[in-house]
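These notes concern the structure reproduced below.
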Amino acid sequence: LQADPNNASIQEEIAALKQEQETAILQECESRVKRYPNDLDIRYDLARIYYNNKQIDKALPEFQLAANNPKNKTACTHWLGICFREKGMLDMAVQRFKAAAEQTLAMDNLKKEILYNLGSTYEQMGKKEEAIEQFKIIYDVDITYRDVAKKIEDYYKGLQQ
């Protein structure tokens, strides 16, 4: 592929091999869940695989179960919000994002991601003021996070006009 990046047959072969690999990983993880149904870490892995394969309806119950592990609770709550938003259940997504934000004390990358997703969901709902409040929290600690600076600056420019 490096020698001939435009070679369609090689690109198709690579895509087929990647799909085969993803299928094998999914099957292995499903098999592990069947062998160890109470292992919530495996369920979390399976939920992520389902999500990455756009199988939201399969990911949701796995994230719900995996959330019973205190280690993954916040991440699962966040992922549930992402899944609900993906399904168009924006009010339920907001609830999950708020819960995940409350569970995260430190303003680390996970909390910034949660607040960003909360703000983005508010934007989808047409709730500009609520969205901007979330982006301001991020802006206050990390002006370089994603496109938060642009969102904040555009908001204030709009107020001045």
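The values are calculated or read from the model by the stated rules, or taken from the named source; none is laboratory data. Model, not experiment: these values are computed from the prediction. Note: ideal-geometry Cβ built from the backbone for every residue, glycine included; neighbour counts use all protein chains shown. Remember, those area values only see protein heavy atoms, side chains included, never the ligands or the DNA or RNA. Shrake-Rupley method; radii C 1.70, N 1.55, O 1.52, S 1.80 Å.
Take Asn38 and tell me if it is in contact (Cβ under 8 Å) with a residue 24 or more places away in the chain, surrounded by fewer than 18 Cβ atoms within 10 Å (Cβ to Cβ) and outside any helix (DSSP H, G or I).
So Asn38 fails the test.
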Across (1) of a type in the set (Val, Ile, Thr); (2) open to solvent by 60 Å² or more (accessible area, probe 1.4 Å); (3) under 30 Å from Leu26 (Cα atoms), Val94 clears everything bar (2)
Ser9 meets each of (1) modelled with pLDDT of 95 or more; (2) in a helix (DSSP H, G or I); (3) open to solvent by 60 Å² or more (accessible area, probe 1.4 Å); (4) over 30 Å from Glu123 (Cα atoms) with one exception, condition (1)
The condition from (1) part of a helix (DSSP H, G or I); (2) within 19 Å of Leu110 (Cα to Cα) that Ile25 misses is numbered (2)
Wholly inside the range 50-136, helices (runs of 4 or more DSSP H) that include 1 or more residues that are more than 30 Å from Lys34 (Cα to Cα) and touching a residue at least 24 places away in the same chain (Cβ under 8 Å) are 90-103, 109-124
The residue that is least open to solvent (accessible area, probe 1.4 Å), considering only those in the range 137-160 that are of a type in the set (Val, Ile, Thr) and not in a helix (DSSP H, G or I), is Ile143
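Go through the residues of the range 101-113 one by one and say whether even a single one is among the acidic types (Asp, Glu), within 30 Å of Ala66 (Cα to Cα) and either crowded, with 16+ Cβ neighbours inside 10 Å or touching a Leu at 6+ places or on another chain (Cβ under 6 Å) (or both).
Looking through the range 101-113, at least one residue is among the acidic types (Asp, Glu), within 30 Å of Ala66 (Cα to Cα) and either crowded, with 16+ Cβ neighbours inside 10 Å or touching a Leu at 6+ places or on another chain (Cβ under 6 Å) (or both).
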Counting only residues that are surrounded by 19 or more Cβ atoms within 10 Å (Cβ to Cβ) and not aromatic (Phe, Trp, Tyr), the range 61-71 contains a total of 3
